[in-house]
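**Student:** Here it is: the structure, laid out below.
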Amino acid sequence: MYELYSNCFNATLQTTIIWRVAIYVRLSREDENDKEQSESIENQINFLKAIVSNKGWVLVDIYKDDGYTGTNFDRPDFQRMLNDIELGKINLVITKDLSRLGRDYIETGRYVEKYFPAMNVRYIAVTDNIDTFDKKNSNNDMTPFKSVINDMYAKDISKKVRTAMMTKATQGDCIKAFLPYGYKKDPNDKNNVLIDANVADTVKLIFDLYKSGKSKKEIVDYLNDLEIKTPLKYKHDTTNYYNPNKNFTYKWNNTVINKILRDRIYVGDLVQLKYTKVNYKVNKMVKTPLEEQVVIMNNHPAIVDRATFETVQEMLVKQTNEWNYSDRKRHLLAGLVFCKCGSRITYNLNHGKFSRCLCSSYKKYGKKFCTNVHLKEEELLQLVSESLKENISKYLDMDELKYDKTLSKNETDDKKEMIYWNKKKESIDKIIAGLYEDKISGVIGIDTFKNLIRKYEDDKKECIAKLKLLEDKKNNIVSKPTTDEKQIKDIAKKLLTFDEINEENKSLVFKLIDKIVVDDKNISIKYKFEVPT
């Protein structure tokens, strides 16, 4: 094919300068799937080498970026080529077409119209008939327009990819490249999520230890002492994951533990599209709003039961100020107790034991901010324990027990799902309205209209069916006890039998108490169940 272009460049330019040529080729994965075989890297190289040889130019090097998008110019071989230009090795860059140089019209224009001329480098895009040193070439004037078209193509590809990912996610297909620690992809169907039996017990252990009152630091030390592989090390050893940081130390840390404890995948929920790119030109990832994330409840086998997971979430919220040192003790009610002024309650240590409560603002700023608290630590525990037993036995009717009026986790998830399907239905309604307008105006034919309208009507029916199921589920919640209410009953029965608050029943206390307010030697407790006044 090169014969078609062998005489397309001004001959006078060849005789006055020795052209030291850089052949640049690029192919992104999207281009590979969308283009014919003629766009392959090797075909581009063979095509351009033939032209360079035919013209008698000096080939300095071939620069190829395989699998790199054209919207980002931070490509290894492209940067290597720029470096060689700076060193004066190259004075002519040739590509098969303008899109191989790049698809971002702003950056492509900067290189073609500013950088290359400033470096006295000639640029040729063969099939687009662009030659920046040929002043008589009218095709050079079309370069900005071609760049815009290439940019629009990249934008269109990006939209198609995002739509495909959204469709797969809403269908319950797993679109994650790597699954979190404890899970693996089904070898027979990569869209399915399976429990990884090799490490699932470690995940259970982490949840059990934290629920029993162990701090993240204590869990970290325990796992490191047992020399259990970290999630990153395990992924590196069992998958094709590549860690570019050669000096990385594979040790458990608080961040890893926190990530595991907060991940809903361990109760069987598949949460996808949590992050998205800023746009198709910028690789920076930003967090997707909760209502736009795709959540499929009970999608796969759970490693941790939902009751344990929800208890741990409450404990994580309450106990944000954990000690970072193993020789420090943590109070049994840390995260639950506040002073009447709103500050957290801290505790004095005497011979390694807590002695009395302290308002953190009083401790830090003195009397002008708050007053001293005269409540001892053991008095606080006793008062809370007695109040719990009294209220449970006196006010809790095991047959009529009501959970806190705030939405349970399941209800919150259903609400998010309802918002998603309502938004999707509204979007489909707009598309259908647009199709009718296009048909009336003659933009699309009757056959195309029928095919499209049938597809979107089916999608709309699916949305309506999903919304009806969610609405029915919402209505049924009123008529029968929820899972949360049953859990509270079980917890209450256990609490009726204990004598004091300790590490073993600590997680039960967090299930029933929302907040404890200390006013000198008096306390008031806000429960998660209704207490008659």
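**Student:** For region 446-468, how many residues meet the condition of being in contact with a helix residue (DSSP H, G or I) (Cβ under 8 Å, 6 or more places away or on another chain), of a type outside the set (D, E, K, R) and either within 17 Å of TYR420 (Cα to Cα) or not in a helix (DSSP H, G or I) (or both)?
**Tutor:** Residues flagged as in contact with a helix residue (DSSP H, G or I) (Cβ under 8 Å, 6 or more places away or on another chain), of a type outside the set (D, E, K, R) and either within 17 Å of TYR420 (Cα to Cα) or not in a helix (DSSP H, G or I) (or both) within region 446-468 amount to 4.
**Student:** For region 188-213, give me the residue count where each residue is outside any strand (DSSP E or B) and within 24 Å of the chain's Cα centre (by Cα).
**Tutor:** Count: 8.
**Student:** To continue, here is another question. Go through region 66-102 and give me each residue that's in contact with a strand residue (DSSP E or B) (Cβ under 7 Å, 6 or more places away or on another chain) and among the β-branched types (Val, Ile, Thr).
**Tutor:** Of everything in region 66-102, those that are in contact with a strand residue (DSSP E or B) (Cβ under 7 Å, 6 or more places away or on another chain) and among the β-branched types (Val, Ile, Thr) turn out to be ILE90, VAL93, ILE94, THR95.
**Student:** How many of the residues making up region 198-211 are modelled with pLDDT under 90 and either open to solvent by 50 Å² or more (accessible area, probe 1.4 Å) or on the phi > 0 side of the Ramachandran plot (or both)?
**Tutor:** Residues flagged as modelled with pLDDT under 90 and either open to solvent by 50 Å² or more (accessible area, probe 1.4 Å) or on the phi > 0 side of the Ramachandran plot (or both) within region 198-211 amount to 2.
**Student:** Return the residue satisfying two criteria in turn: it lies in region 212-238 and is within 21 Å of GLY335 (Cβ to Cβ) and in contact with a helix residue (DSSP H, G or I) (Cβ under 8 Å, 6 or more places away or on another chain), and of such residues it is most open to solvent (accessible area, probe 1.4 Å).
**Tutor:** LYS214
**Student:** Could you run through region 45-80 and say how many residues are over 38 Å from the mean Cα position of the chain (by Cα) and in contact (Cβ under 8 Å) with a residue 60 or more places away in the chain?
**Tutor:** Going through region 45-80 one residue at a time, the tally reaches 3.
**Student:** Pairs needed: first member in region 359-380, free of Cβ contacts under 8 Å to residues at least 12 places away in the same chain; second member anywhere, assigned to a loop (DSSP other than H, G, I, E, B) and among the β-branched types (Val, Ile, Thr); C-beta distance under 8 Å; at least 6 residues apart or different chains.
**Tutor:** Nothing qualifies.
The values are calculated or read from the model by the stated rules, or taken from the named source; none is laboratory data. Predicted model, so just to flag it, every value in this text is computed and none were measured. Don't worry about glycine lacking a Cβ; one is built from the backbone with ideal geometry, like all the others, and counts go over all protein chains shown. Note: areas computed on protein heavy atoms with side chains; ligands, DNA, RNA excluded. Shrake-Rupley method; radii C 1.70, N 1.55, O 1.52, S 1.80 Å.
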